[in-house]
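Undergrad: Okay, handing you the structure first.
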Protein chains: 2
Amino acid sequence: MTTRAASWQPLSPGERSVAIEVLVHGPLSRTDLTRRLDLSAGSLTRLTKPLIESGLLVEVPDGGSPAEVRQGRPSQPLDVVAESRTFLGFKVTEDMVYGVVTTLRSEIVARLDRPLTTHDPAQVADLLGEMTGEITARFRTLTGIGIGVGGLVQDRAVVGESPFLQWSDVPLAQLVEERTGLPVVVENDVAALVEAETWFGAGRGLDRFVVLTIGAGIGYGLVLGGKRVPYAEEDRGFGRHWILNPNGPITPAGQRGSAVSLLTIPSIRYQIRAATGLDLTYEEILARAAAGEPMPARVIDEAARALGTLVAQIANFVLPQKILLAGEGVGLIDVAGKTVDDTLRAHRHPLAAPLDVETKVSDFHDWARGAAVLAIQVLVLGVAEV
Amino acid sequence: MTTRAASWQPLSPGERSVAIEVLVHGPLSRTDLTRRLDLSAGSLTRLTKPLIESGLLVEVPDGGSPAEVRQGRPSQPLDVVAESRTFLGFKVTEDMVYGVVTTLRSEIVARLDRPLTTHDPAQVADLLGEMTGEITARFRTLTGIGIGVGGLVQDRAVVGESPFLQWSDVPLAQLVEERTGLPVVVENDVAALVEAETWFGAGRGLDRFVVLTIGAGIGYGLVLGGKRVPYAEEDRGFGRHWILNPNGPITPAGQRGSAVSLLTIPSIRYQIRAATGLDLTYEEILARAAAGEPMPARVIDEAARALGTLVAQIANFVLPQKILLAGEGVGLIDVAGKTVDDTLRAHRHPLAAPLDVETKVSDFHDWARGAAVLAIQVLVLGVAEV
DNA sequence: CGTGTTACTTCCATGGTGAAAGAAAGAGAC
DNA sequence: GTCTCTTTCTTTCACCATGGAAGTAACACG
């Protein structure tokens, strides 16, 4: 590997936990950290000193609400220098590569998209290399690259199987590393999004957290104890066998009445096409459903009930503290949110803990950002954990 | 509290982890323990020495297969003295109290049942006190008492709400402690069974583990990271809103087609009664279904499909390493196991990791044993953790 | 009876830890 | 201004769990 010295590896376990806590949970004073990490004040002074000397952390002016007047010596928040390093995340789709540049805190500072005209691995790697070159010219602090791909990814490096790219066993990480000289992490796109939301997004600091994505397919991510649980079928057709309505529609993909048949964008478009002959976009279908056009309204209503049922099942069995609904296919909530809610409530125990559902209609740059987070994790944790 | 000195509390964290590992995972040599606990050999000598001196652990003759010849110095397994202490577990039902006496390893060494003729809290406590008296006479090493009750239990001490006993806010632990002078833990019966299976049963050593019980009602227990996840609705009608078949039967309990309506013993008996007018026992229904009698066969078949669906949903969303089906109502698997299996397979991804399903038709003594495990945990962990 | 192998013990340097005491930096009272 | 109070952070130090190295024990094998 041609990886630069790009790791917090020399940190002791204690130091790293401090660094991660500050990275993920914003500026924190040493006293805050004693509570969060359950360490003594003395230990915190010891742990933070080398981190500050190395420049990884800095003392920042107290940004707390200036109105609130507190007695005693003011606390001295510590923060990472988010701009000290930048990361590049790619989301590779069938015909486009979406790229984002982020800070150490996963804030997007630039975007860069390119059409993908070939699926030849070497040429795709060339394109990614070119795009990286452009970024390096603008951002000298580029530290690592993350790539999100739909399909099965092994060891965070090799695309084992990707139907839409027609790849199998392509060592994408190595190909891009050779062209850029930067450390590269490749991961399944859903897994990347889940990691990103767990570290910096909706699932930050949670113990049990679920991400459900709806788009061209269904994606599912389970986070327990702050770590993503890997699964054997790993995005090779999630939700095809989740039967939500045995009387549901039959579509080319998935079992009859499955989550895939009821909820994914291609299936919804297929249902409309089959019923009306019109080839409408997802947005058009939503608009017509909102306007009360019977056929679209019926399909969207059925989808909304399926989504409510699905979320209820997850809530009932996983007992997550939060569920994030993401992807382009959650737009139906804007139109049929009430149906989703009602169905969800009907399938849950009245005494069950209220469920925190967050909706985020993500675009491709959000997926790319997820991939960038993986590069951040590798820097922070040292090794690409699986 | 009138608790005797009954705790491993003075143990250091390292010592306790050694003690628990040996308690739960049978005799282990010091070298085994180095691997399991990731400690050095030196540390193990240090940690085990006081445990042996205090009598908590003993060196036992190597029970390993004597045929297998190994080189080098033979290992010296350590074990707890399972018989050094005994524990008493009660399962309180509407008309009976079932009691078991167990060793430190949760092996049942005696049983004691009594009819429950009153629901008056003081008199129930009197009965439990009497039964404890009998046991103390035979087992001088009695160390603690665990009580399992259907319903909502707070702080492992107070029965907050128990419909079938018509109790609310009964400080049962205190009542029994006053009469016995022994430490008492009270817990929801399902929670107790789950803890027992997690420590000493099917879920031993697993990270993600689910217990599903079927009997008079549905019980669900989720174990993540070796710890049971508490839930808000806590056995106040689990499964009433898990709709498994929207076209399913309507019964007095639960929503139409819910797990309760399809699977619990009262609901199955109700369906048969409503259809045929016969008031058959669950066993009779199973026998007639096995014999091919149409109506029972149809009901059991529908239940089997519901169970397969339910297990598949749990497997799909929780990704457990193992699912334990327990309770008296899992007997239908003997009759319609193939239907359960087929339905389960149909609702799972072909590439998903194979699921380990264990079935255990438990009786009331198994529930009582679960309660006894809680008393063991209190001794071992020092405090009743929630 | 030595040799090799594995299990366990003894001993010691190390390093992370918390407790206690002290220093720093503000607010508030007079 | 300045004295006190409060809270945050630092310094110092004793402690102790840990692992590593070297040594001992107990067996099989030739």
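Undergrad: Quick check: is even one residue across the stretch A:272-295 within 14 Å of another protein chain (Cβ to nearest Cβ) and either more than 30 Å from B:V318 (Cβ to Cβ) or part of a helix (DSSP H, G or I) (or both)?
TA: Checked against the condition, which is being within 14 Å of another protein chain (Cβ to nearest Cβ) and either more than 30 Å from B:V318 (Cβ to Cβ) or part of a helix (DSSP H, G or I) (or both), the stretch A:272-295 yields no hits at all.
Undergrad: Moving to a separate point now. Filter the stretch B:128-185 for residues that are without any contact (Cβ under 8 Å) to a residue 24 or more places away in the chain and within 20 Å of the chain's Cα centre (by Cα) and give the result.
TA: B:Q154, B:S162
Undergrad: Take the stretch B:306-360 and flag every residue that is part of a strand (DSSP E or B), more than 20 Å from B:G217 (Cα to Cα) and either among the basic types (K, R) or not assigned by TED's automatic domain parsing to the domain that holds B:I243 (or both).
TA: Scanning the stretch B:306-360 gives a single hit, B:K322.
Undergrad: Determine whether the stretch B:220-229 contains at least one residue that is in contact (Cβ under 8 Å) with a residue 12 or more places away in the chain, assigned by TED's automatic domain parsing to the domain that holds B:V373 and either under 30 Å from B:G308 (Cβ atoms) or not in a helix (DSSP H, G or I) (or both).
TA: For the stretch B:220-229, residues in contact (Cβ under 8 Å) with a residue 12 or more places away in the chain, assigned by TED's automatic domain parsing to the domain that holds B:V373 and either under 30 Å from B:G308 (Cβ atoms) or not in a helix (DSSP H, G or I) (or both): absent.
Undergrad: Do the conditions hold for A:V170, that is, is it touching an Asp or Glu at 6+ places or on another chain (Cβ under 9 Å) and farther than 17 Å from A:Q377 by Cα?
TA: So A:V170 does not fit the description; no.
Undergrad: Just need a number here: residues in the stretch B:235-258 that are more than 8 Å from chain A (Cβ to nearest Cβ) and touching an Asp or Glu at 6+ places or on another chain (Cβ under 9 Å).
TA: Of the residues in that region, 3 qualify.
Undergrad: If I ask for residues that are within 12 Å of DNA strand C (Cβ to nearest atom), farther than 22 Å from A:A202 by Cα and not β-branched (V, I, T), which ones from the stretch A:36-56 would you list?
TA: Listed by number, the residues that qualify are A:D38, A:L39, A:S40, A:A41, A:G42, A:S43, A:L44, A:R46, A:L47, A:K49, A:P50.
Undergrad: Could you give every pair whose Cβ atoms fall below 8 Å, whose first residue belongs to the stretch A:29-41 and is closer than 14 Å to A:E15 by Cα, and whose second residue is in a loop (DSSP other than H, G, I, E, B) and near DNA strand D (Cβ under 10 Å from one of its atoms), counting only separations of at least 6 or pairs across chains?
TA: A:R30/A:S75; A:R30/A:Q76; A:T34/A:S40
Undergrad: Inspect all residues belonging to the stretch A:311-324 and state whether any of them is within 14 Å of chain B (Cβ to nearest Cβ), under 30 Å from A:G146 (Cα atoms) and polar (S, T, N, Q).
TA: yes
Undergrad: Please work out which residue is farthest from the chain's Cα centre (by Cα), limiting yourself to the stretch A:221-233 and to residues that are within 10 Å of another protein chain (Cβ to nearest Cβ) and surrounded by 20 or more Cβ atoms within 10 Å (Cβ to Cβ).
TA: Among them, the one singled out is A:L224.
Undergrad: Got at least one residue in the stretch A:356-369 being surrounded by fewer than 20 Cβ atoms within 10 Å (Cβ to Cβ), within 14 Å of chain B (Cβ to nearest Cβ) and under 26 Å from A:A304 (Cα atoms)?
TA: Checking the stretch A:356-369: at least one residue is surrounded by fewer than 20 Cβ atoms within 10 Å (Cβ to Cβ), within 14 Å of chain B (Cβ to nearest Cβ) and under 26 Å from A:A304 (Cα atoms).
Undergrad: Given the conditions (1) surrounded by 13 or more Cβ atoms within 10 Å (Cβ to Cβ); (2) within 16 Å of DNA strand D (Cβ to nearest atom), which single one is not true for A:G72?
TA: A:G72 satisfies every listed condition except (1).
Undergrad: Do we find that B:G205 is among the small types (G, A, S), surrounded by fewer than 24 Cβ atoms within 10 Å (Cβ to Cβ) and within 12 Å of chain A (Cβ to nearest Cβ) in this structure?
TA: So B:G205 fails the test.
The values are calculated or read from the model by the stated rules, or taken from the named source; none is laboratory data. Everything numeric in this text was worked out from a predicted model, so none of it was measured. Backbone-built Cβ (ideal geometry, glycine too); neighbour counts: all protein chains shown.
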